[in-house]
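Peer 1: Shown below is the structure under consideration.
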Amino acid sequence: MLVDNARLHIAIQKSGRLSEYSRALLKDAGLRMANGKNELTARVENFPADLMFVRDDDIPTFVSDGVCEFGIVGENVLQEFALGESEPRFEILAQLGFGRCTLKLAAPEATAYEGPASLQGARIATSYPRILQSFLQENGVSATVVKMTGAVELAPRLQIAGFICDLVSTGATLEANGLRAVETVFESEAVLIRTRKAVAEAKLEQGERLLRRIEGVLATKESKYIMLNASEEALAQITAILPGAEAPTILPLHGRPGHFAVHAVCQESVFWETLQKLKAAGASAILVVPIEKMLM
Ligand code: ATP
Ligand code: ZN
């Protein structure tokens, strides 16, 4: 890995659910970088920092070891890592408001569930054995944890386990596999972390500068007002996609029975990707407008 004593190293996910948001955050903080997606590193042109594009699972290790001073990673991955350490070698600086998901216990539709006691003696498949184990312990339950690195939702069908403990955002994957969520184990979003290892004097100040910039972005992060039209059948899916929108306003469209206008304040960044998802879900005439002032 690149060693340059005067430059900060920031670890972000190379490609996946966090990468676009992580890049956007750093860009909003004024960092200008080349856009090559297949590179392992990118030099920031206007700030003494290099980005490291890595698998999300490696980010807690890199930051803890001090290979990278900063990192952006999901709390789920971070917590799973931290539970295997005797003491944390990183600190969480900020919650970033994206990459929200929930680690949930789920079981086939027909499985009876009346609280954690129903897990006694069960086999539970998961990619998060430590988080699951600590949940089981807190609830005084003993069960067999089966570690899987992917396709966890197939475990019940393959009779590897009776329950699964997996990340859920919309629940569509569970449903598609005939599973239903029965318990929330851990709520997660992306966080900014910093190493607890001693950082070279020259980099300390740059680190503080970077942190203040990111805090500034988070504080002023523009909420957006989204307006779109949709048919009644598409409403549920569309409102589930709207990022960070609570209780959207839904108004009937004059002269078009069965069609509605959806208005919502979105507290999270609205990316083109989100708009494309909305369109695919049946939304039309999508407008995103900035909000100048808001009084809740
Ligand atoms: P990598 O190749 O970096 O290991 P990955 O396949 O482990 O990628 P992604 O699926 O890109 O990871 O997810 C990265 C993170 O995004 C997750 O660890 C989690 O924090 C967050 N996330 C948000 N929503 C979801 C979801 N529905 N399912 C899985 N992860 C989600
Ligand atoms: Zn991963």
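Peer 1: Please go through (1) of a type in the set (A, V, I, L, M, F, W, C); (2) surrounded by 14 or more Cβ atoms within 10 Å (Cβ to Cβ); (3) more than 16 Å from ligand 1 (Cβ to nearest atom); (4) part of a helix (DSSP H, G or I) for residue 131 and return the number of the only condition it doesn't satisfy.
Peer 2: All conditions are met except number (3).
Peer 1: Would you check if residue 276 is surrounded by fewer than 17 Cβ atoms within 10 Å (Cβ to Cβ) and out of contact with any strand residue (DSSP E or B) (no Cβ under 8 Å at 6 or more places or on another chain)? Spell out the reasoning first.
Peer 2: Details: surrounded by fewer than 17 Cβ atoms within 10 Å (Cβ to Cβ): yes; out of contact with any strand residue (DSSP E or B) (no Cβ under 8 Å at 6 or more places or on another chain): yes.
Yes: the conditions hold for residue 276.
Peer 1: Can you tell me which residue is nearest to ligand 1 (Cβ to nearest atom) among those in the range 183-208 that are in contact (Cβ under 8 Å) with a residue 12 or more places away in the chain and part of a helix (DSSP H, G or I)?
Peer 2: Checking each candidate, the answer is 207.
Peer 1: Of the conditions (1) at pLDDT below 95; (2) more than 19 Å from the chain's Cα centre (by Cα); (3) in a loop (DSSP other than H, G, I, E, B), residue 87 satisfies every one except a single condition; which number is it?
Peer 2: Going through (1) at pLDDT below 95; (2) more than 19 Å from the chain's Cα centre (by Cα); (3) in a loop (DSSP other than H, G, I, E, B) one by one, residue 87 breaks only (1).
Peer 1: Right, residue 34: away from ligand 2 (no atom under 15 Å from the Cβ) and at pLDDT below 95 or not? I'd like the intermediate steps shown before the answer.
Peer 2: On the way: away from ligand 2 (no atom under 15 Å from the Cβ): yes; at pLDDT below 95: yes.
Yes; evaluated as a whole, the condition is true for this residue.
Conditions tested, residue by residue: (1) small (Gly, Ala, Ser); (2) within 16 Å of ligand 1 (Cβ to nearest atom); (3) touching a strand residue (DSSP E or B) at 6+ places or on another chain (Cβ under 9 Å).
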position: 107; (1), (2), (3): yes, no, yes
position: 114; (1), (2), (3): no, no, no
position: 124; (1), (2), (3): no, no, yes
position: 140; (1), (2), (3): yes, no, no
position: 153; (1), (2), (3): no, yes, yes
position: 157; (1), (2), (3): no, no, yes
position: 169; (1), (2), (3): yes, yes, yes
position: 178; (1), (2), (3): yes, no, yes
position: 181; (1), (2), (3): yes, yes, yes
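Peer 1: Hey, another quick one. State which residue is farthest from residue 269 (Cα to Cα) when the search covers only the range 84-98 and only residues that are touching a Lys or Arg at 6+ places or on another chain (Cβ under 9 Å) and among the small types (Gly, Ala, Ser).
Peer 2: Taking the candidates together, the pick is 84.
Results for (1) modelled with pLDDT under 95; (2) over 17 Å from residue 22 (Cα atoms), shown as yes or no for each residue.
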{"residue": "173", "(1), (2)": "yes, yes"}
{"residue": "180", "(1), (2)": "no, yes"}
{"residue": "187", "(1), (2)": "no, yes"}
{"residue": "193", "(1), (2)": "no, no"}
{"residue": "197", "(1), (2)": "no, yes"}
{"residue": "202", "(1), (2)": "yes, yes"}
{"residue": "212", "(1), (2)": "yes, no"}
{"residue": "217", "(1), (2)": "yes, no"}
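Peer 1: Something else about it: Within the range 103-122, can one find any residue that is within 16 Å of ligand 2 (Cβ to nearest atom), aromatic (Phe, Trp, Tyr) and out of contact with any His (no Cβ under 8 Å at 6 or more places or on another chain)? Explain how you work it out, then say what you get.
Peer 2: Going through the range 103-122, the residues within 16 Å of ligand 2 (Cβ to nearest atom) turn out to be 103.
Still in the list and also aromatic (Phe, Trp, Tyr): none.
The answer is no, given that none of the residues of the range 103-122 is within 16 Å of ligand 2 (Cβ to nearest atom), aromatic (Phe, Trp, Tyr) and out of contact with any His (no Cβ under 8 Å at 6 or more places or on another chain).
Peer 1: Would you please list the contacts, defined by Cβ atoms under 7 Å and residues six or more apart or on different chains, that run from a residue in the range 53-72 that is touching a residue at least 40 places away in the same chain (Cβ under 8 Å) and open to solvent by 10 Å² or more (accessible area, probe 1.4 Å) to a residue that is in a helix (DSSP H, G or I) and near ligand 1 (Cβ under 8 Å from one of its atoms)?
Peer 2: Qualifying pairs under 7 Å: 56/77.
The values are calculated or read from the model by the stated rules, or taken from the named source; none is laboratory data. Please read all numbers here as calculations on a predicted model, not as lab measurements. Please note: Cβ atoms are built from the backbone with ideal geometry, for glycine as well, and neighbour counts cover all protein chains shown. Ligands, DNA and RNA are stripped out before the accessible areas are found, and what is left, the full protein with its side chains, is counted by its heavy atoms. Shrake-Rupley method; radii C 1.70, N 1.55, O 1.52, S 1.80 Å.
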